[in-house]
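Q: If you scroll down you'll find the structure; I have some questions about it.
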Amino acid sequence: MTHKQIQPDFSWSQIDTILLDMDGTLLDKYFDDHFWEEYVPKIFAETNKLSEEEARKVLLQRYQKVEDTLQWCDLDYWTKQLGLDIPELKCKVDHLIKVHPYATDFLKYAKSINKEVHLVTNAHSKTLEIKMRKTALGSYFDRIVCAEEIGYAKEQPEFWTKLETHLGFEKHRTLLADDTAKVLNSARQYGMGFLVFVARPSSRIPVKFSPDYPSITYFNELIS
């Protein structure tokens with residue numbers, strides 16, 4: 001089912017702090033989708049003498065067990081679980097890591113209008129290191145926070161309460177942009193002031209607007 005776009009409706013004068021997700025929001029999620037759904041099953045199949053279809057089925061069940069938890073993003077956890085060097089495998093396909101169109105323009109714009117900008121991600125610190133090295137986006141952020149540092153995944157409302165203490169922002173004057181509805185739902189429950197859904201997390205999938213949140217395809221839509 002396709003939904004009509006709810007347009008973001010706010011003034012930048014209402015916002016002091018911008019919280020941005022990484023995968024799917026600033027970076028093309030095609031890398032992650034390909035890595036976990038195609039590349040890891042291929043290597044796991046070769047290592048365990050399975051067909052790729054069998055490997056994919058086994059892995060999907062394992063993924064689903066820890067979905068929306070810190071373990072899902074923990075590369076050390078998966079290295080141990082699968083008997084594969086997951087960080088090393090990520091580096092082998094890091095040419096697929098791409099910044100979304102207009103994401104860098106928006107980061108420059110946000111700094112030009114004197115907003116505090118923080119990267120807030122569920123991604124493991126080792127994933128973060130690989131992606132920041134590849135994209136050189138790190139210098140645009142006042143702070144970069146991984147969920148493992150907070151002790152909760154972003155899907156859990158407790159994450160935002162602890163993050164507020166950690167970063168010292170005023171939640172009613174803070175905007176969060178994310179491509180995951182569950183994350184926006186938990187932030188709404190916590191009382192986040194402004195929420196924006198990124199409707200095209202991967203360059204390989206069609207735009208899909210949220211029925212519940214103001215949506216953008218690319219960040220140029222927020223540059224006024």
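Q: Are there any pairs with C-beta distances below 8 angstrom linking a residue in segment 132-155 that is within 13 Å of Thr121 (Cα to Cα) and in contact (Cβ under 8 Å) with a residue 24 or more places away in the chain to a residue that is among the charged types (D, E, K, R) and assigned to a loop (DSSP other than H, G, I, E, B), with the two at least 6 apart or on different chains, and if so which?
A: Taking only residues 6 or more apart or on different chains, the pairs are Ala147/Lys154; Glu148/Asp74; Ala153/Asp68; Lys154/Asp21; Glu155/Asp68.
Q: Let me ask something else. Can you tell which of Gln81, Gln14 is touching a strand residue (DSSP E or B) at 6+ places or on another chain (Cβ under 8 Å) and touching a residue at least 12 places away in the same chain (Cβ under 8 Å)?
A: Gln14
Q: Hey, among Ile6, Ile18, which residue is within 26 Å of Val196 (Cβ to Cβ), outside any helix (DSSP H, G or I), in the same structural domain as Arg200 (by TED's automatic domain parsing) and not small (Gly, Ala, Ser)?
A: Ile18
Q: Only one residue in Leu89, Leu107 is more than 19 Å from Ala153 (Cβ to Cβ) and either in contact with a helix residue (DSSP H, G or I) (Cβ under 6 Å, 6 or more places away or on another chain) or aromatic (Phe, Trp, Tyr) (or both). Which one?
A: The conditions single out Leu107.
Q: Could we say that Phe35 is in contact (Cβ under 8 Å) with a residue 24 or more places away in the chain and touching a helix residue (DSSP H, G or I) at 6+ places or on another chain (Cβ under 7 Å) here?
A: yes
Q: Here are Lys115, Lys65, Lys80: which of them is basic (Lys, Arg), over 18 Å from the mean Cα position of the chain (by Cα) and assigned by TED's automatic domain parsing to the domain that holds Asp16?
A: Lys115
Q: Also, quick follow-up: Being on the phi > 0 side of the Ramachandran plot and of a type in the set (Ser, Thr, Tyr) is the filter here; which residues of segment 74-131 pass it?
A: Taking segment 74-131 first, the residues on the phi > 0 side of the Ramachandran plot are 83, 102, 114.
The answer is Tyr102, and nothing else.
Q: Given the criteria surrounded by 19 or more Cβ atoms within 10 Å (Cβ to Cβ) and in contact (Cβ under 8 Å) with a residue 60 or more places away in the chain, does Leu222 qualify? Spell out how you get there, then give the answer.
A: Numbers: surrounded by 19 or more Cβ atoms within 10 Å (Cβ to Cβ): yes; in contact (Cβ under 8 Å) with a residue 60 or more places away in the chain: yes.
For Leu222, the condition - surrounded by 19 or more Cβ atoms within 10 Å (Cβ to Cβ) and in contact (Cβ under 8 Å) with a residue 60 or more places away in the chain - is met.
Q: If you don't mind, another one. Write out, first by first residue and then by second, each pair whose Cβ atoms fall under 7 Å of each other, whose residues are 6+ apart or on separate chains, and whose first residue, in segment 161-187, is over 13 Å from Asn122 (Cβ atoms) while the second is surrounded by fewer than 15 Cβ atoms within 10 Å (Cβ to Cβ) and of a type in the set (S, T, N, Q).
A: From segment 161-187, the pairs are Arg173/Gln14.
The values are calculated or read from the model by the stated rules, or taken from the named source; none is laboratory data. The shown structure was predicted, so the numbers you read here are calculated from the model rather than taken from an experiment. With ideal geometry, Cβ positions are generated from the backbone for all residues, glycine too; neighbour counts draw on all protein chains shown.
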